[in-house]
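Asks: Just dropping this structure here.
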Amino acid sequence: MKSTKIAVIGLGYVGLPLARLFSTQYPTVGFDLNQARVDALMAGHDATLEVDDTLLQEAISQHGFRCTTCLDDIHDCNFYVVAVPTPVDENNRPDLRPLWGASETVGKVISKGDVVVYESTVYPGVTEEECLPVVEKTSGLTFNTDFFAGYSPERINPGDKQHTVEKIRKVTSGSTPEIADYVDAVYNSVLVNGTHKAPSIKVAEASKIIENSQRDVNIAFMNELAKIFNAMGIDTHDVIEAAASKWNFIKLSPGLVGGHCISVDPYYLIQKAQVYGVLPRVMSNARRLNDGMGAYVANQTVKCMNKKGVMVKDAKILILGVTFKENCPDIRNTKVVDIYHTLLEYTPNITIYDPWANSDHVLHEYGIPVHSQLSTLNSPLYDAVILAVAHKEFLELDVRNLVREGGVVYDVKGILPRDIVDGRL
């Protein structure tokens, strides 16, 4: 086996942390189609905040890590890692175009004896049935004769500074037993907690997709409980605390399910299951329930306003947070926009404040203006305030000072003092 030289295709939330980590042990090049993203990274700043600027700059200056949009810069690599998004289309069907494009990119530079490893979340079979044929066609090489493959699903949790990439135990796999050992050894060399070598690529693909599907189903159960207990006038969080006193109760909370993983990945398995004649009712219902929670929060807020005699029509409403999770700038598939659009049916006077989100990105992606500073808010007092995201900055806010006398505070996250809240999920 030749001396390992790594190219990581896709420098987003998954690819960049992995590329930076690999660069501590191997010559590593990061490849991305976005020139502005590459320029920012080479200047030493990661806008996603997944890689600390100090670590990024150290990788560049001390380990020779570099990022590029030029194919020639990755032509002499021999271990290609694909870490591109796997979205769904407007009908929630898997959109494999980013993977096909990345596979074509690999096909243009791969040589005999090289290995390509996919990290993108997919349904079982995508690597071998969808991606590798593209590599073969583009390169003119034969899979498992001229080049080889592996699959090691990403486990990046955006904004999580505890479970960072080097501490995550990774699943690995390969297209032959020898390649499986090689892929496993490469990942093991940079990971603190090692790997789990799966017996096949399909098993590794399946393991990843059920990780997120399980989370989705569990959260959907909690969201359904929240709807039930809210209708009964019982505080859901009190119920969970009581139930959690039993040793084997899995303590989860209701909430908005956004992001690129939990709110998307289950659709890949749902679609593939139907091809095999299996109707995944639990997963499908969980997706439907979780996708409706933004509208539910908005309607519950309106209900609280009506109970307190607050005029809903043309009311001034403030939403705290727009990212899909706390202390993270990631706005992908955030369900806060569903709260916003549902409330627009009642009033145009809706303001969103989020110190973590890039307001230009939110405007481009969703067409919604966002304030990044408290001082620029449109009104000193609001008829209702919805805490949608548990950013640390919001924990320090005196939220009641943002609401007019008699106004409503709705707490999606269940983190505000009970005595200032009129409703919570």
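Asks: Just to be sure before I move on: is LYS227 of a type in the set (D, E, K, R), farther than 19 Å from GLY125 by Cα and part of a helix (DSSP H, G or I) in the structure I sent?
Replies: Yes: the conditions hold for LYS227.
Asks: Is there a residue being open to solvent by less than 60 Å² (accessible area, probe 1.4 Å) and touching a Pro at 6+ places or on another chain (Cβ under 7 Å) anywhere in the stretch 408-425?
Replies: yes
Asks: Still on this structure, I have one more. Of the conditions (1) crowded, with 20+ Cβ neighbours inside 10 Å; (2) over 21 Å from the mean Cα position of the chain (by Cα), LEU11 satisfies every one except a single condition; which number is it?
Replies: LEU11 satisfies every listed condition except (2).
Asks: From (1) free of Cβ contacts under 8 Å to residues at least 24 places away in the same chain; (2) open to solvent by 60 Å² or more (accessible area, probe 1.4 Å); (3) of a type in the set (A, V, I, L, M, F, W, C), pick out the condition that doesn't hold for VAL203.
Replies: (1)
Asks: Out of all the residues in the stretch 129-160, which are of a type in the set (A, V, I, L, M, F, W, C) and either more than 22 Å from ALA206 (Cβ to Cβ) or open to solvent by 60 Å² or more (accessible area, probe 1.4 Å) (or both)? Before you say what the answer is, go through the steps one by one.
Replies: Of the residues in the stretch 129-160, the ones of a type in the set (A, V, I, L, M, F, W, C) are 131-132, 134-135, 141, 143, 147-149, 156.
Listed by number, the residues that qualify are LEU141, PHE147.
Asks: Let me ask another. Just the residues that are in a helix (DSSP H, G or I) and open to solvent by 10 Å² or more (accessible area, probe 1.4 Å), please, taken from the stretch 181-193.
Replies: Correct list: ASP181, TYR182, ASP184, ALA185, ASN188.
Asks: Separate question: Could you give me the residue pairs with C-beta distances under 6 Å whose first residue belongs to the stretch 33-45 and is within 20 Å of HIS63 (Cα to Cα), whose second residue is open to solvent by 40 Å² or more (accessible area, probe 1.4 Å) wherever it lies, and which are 6+ apart or on separate chains?
Replies: Partner pairs satisfying both residue conditions: VAL38/THR69; GLY44/ASP53; GLY44/GLN57; HIS45/ASP53.
Asks: Restricting the stretch 71-93 to residues that are in a loop (DSSP other than H, G, I, E, B) and without any contact (Cβ under 8 Å) to a residue 24 or more places away in the chain, which is least open to solvent (accessible area, probe 1.4 Å)? Walk me through how you get there before you give the answer.
Replies: Step one: filter the stretch 71-93 for residues in a loop (DSSP other than H, G, I, E, B), giving 75-78, 83-87, 89-93.
Cutting the leftovers down to without any contact (Cβ under 8 Å) to a residue 24 or more places away in the chain gives us 89-91.
Values: ASP89: 40, GLU90: 155, ASN91: 95 Å².
Only one residue fits best here, namely ASP89.
Asks: Turning to a different aspect of this structure: Looking only at strands (runs of 3 or more DSSP E) that fall completely inside the stretch 310-404, which ones have 3 or more residues that are among the aliphatic types (A, V, I, L, M) and closer than 21 Å to PRO417 by Cα?
Replies: By residue number, 317-320, 382-387.
The values are calculated or read from the model by the stated rules, or taken from the named source; none is laboratory data. Computed from a predicted structure; not experimentally measured. Quick reminder, even Gly has a Cβ in these numbers, built from the backbone with ideal geometry, and neighbours come from all protein chains shown. The accessibility values were calculated without ligands, DNA or RNA, using every heavy atom of the protein model including side chains. Shrake-Rupley method; radii C 1.70, N 1.55, O 1.52, S 1.80 Å.
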